[in-house]
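Quick notes on the structure that follows.
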Amino acid sequence: IIINTTNLSDLIFSSTGDLECNVSGELPVPQDSYNNVILNASNTFGTGGYGGGNVTINGNLTLKTNNSFNRDIDLKGNLILENSELNLNSNTLLLNGTSSQSVSEVGSGTLNISSLVLDNSSGVSINSGTVNISNLLKSNSGTITQNGGNIILLSNSISNEARVKISSSSDFSYSSGDFTVQRNFSATDHGWRMLACPIKNATLSNWDSYFNYCGISGGTNNYSYALCGNFYSVYTYNENLAISFNDG
């Protein structure tokens with residue numbers, strides 16, 4: 001099916017096969033009968049979710065209502081969320097344009113996604129809104145720039161958390177916005193935790209409002225070495241002092 005008309009408001013898609021749209025407009029979302037959707041212009045999806053094949057968008061994608069997709073989306077333009085959510089909870093948004101791309105929101109917007117993958121040497125800028133990632137933030141090519149948007153690497157269960165995969169530090173550039181890395185563990189389990197910040201250096205002072213320490217002087221709600229039964233709850237390691245493994 002190829003749609004060339006400029007009046008899309010009353011179209012209802014009910015047959016099988018691929019859908020290709022060559023004009024801008026607002027589209028109702030096709031349902032499971034479609035194999036693939038190819039949008040060659042900037043489009044706005046209407047209400048509903050999509051259960052067919054993969055979606056390829058060769059222009060910009062603007063969402064004015066919440067949408068859920070259970071297939072991957074290839075986007076060569078910009079993603080704009082107008083007081084809406086795009087839910088790709090088990091799928092990938094691939095940004096593979098040839099010029100610089102962006103993710104932004106008007107009002108409030110949230111992108112819930114399994115993986116965000118950049119394959120565009122011109123890069124992408126996450127300008128506003130919130131991007132919740134449950135699996136992977138990855139750059140195959142180009143720089144992911146956080147420029148006001150909020151990125152959250154989710155951890156919904158123990159040993160199950162989102163990751164960042166980049167080839168070099170130049171693949172990720174931070175300007176502004178919150179970058180949150182969740183790590184889920186059971187509060188009832190006692191034992192050592194390996195805590196580190198994967199993006200930016202952190203100190204014990206940065207962590208102090210979240211944990212009570214033993215053997216640490218000062219801070220908030222911490223306990224002395226003596227009050228903890230002569231026990232330290234924190235070990236530090238200085239690699240610069242290491243000659244053998246136990247040094248430092």
Requested in this report: Rounding to the nearest 20 debye, state how big the charge dipole of the stretch 72-140 is about its Cα centre with +1 on each Lys and Arg Cβ and -1 on each Asp and Glu Cβ.
Outcome: 160 debye
**Report entry** For a label point 7 Å along the Cα-to-beta-carbon line of residue 96, residues of the stretch 134-171 with backbone N under 16 Å
**Finding:** 138-142
Query raised in the report: Amide H neighbours of residue 91 under 5 Å, counting only residues 5+ apart in sequence or on other chains, H built in-plane at 1.01 Å?
Result: 114, 115
Requested in this report: Within the stretch 73-179, report the chymotrypsin sites (Phe, Trp or Tyr not before Pro) that DSSP leaves as loop and that have at most 15 other Cβ atoms within 10 Å.
Outcome: none
Report task. For a label point 7 Å from the Cα of residue 184 along Cα→C-beta, name the residues of the stretch 108-132 whose backbone N is under 19 Å from it. Result -> 111-116, 131-132
Report summary line: Here, residue 227 and residue 204, labelled 7 Å along Cα→Cβ, have an inter-label distance in nm of 1.4 nm
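Every number in this text was worked out from the coordinates using simple rules, so none of it is lab data. Bear in mind the structure is a predicted one, so any value in this text is a computation, not a measurement. When we count neighbours, we look across all protein chains shown, and the Cβ atoms used for this are built from the backbone with ideal geometry, even at glycine.
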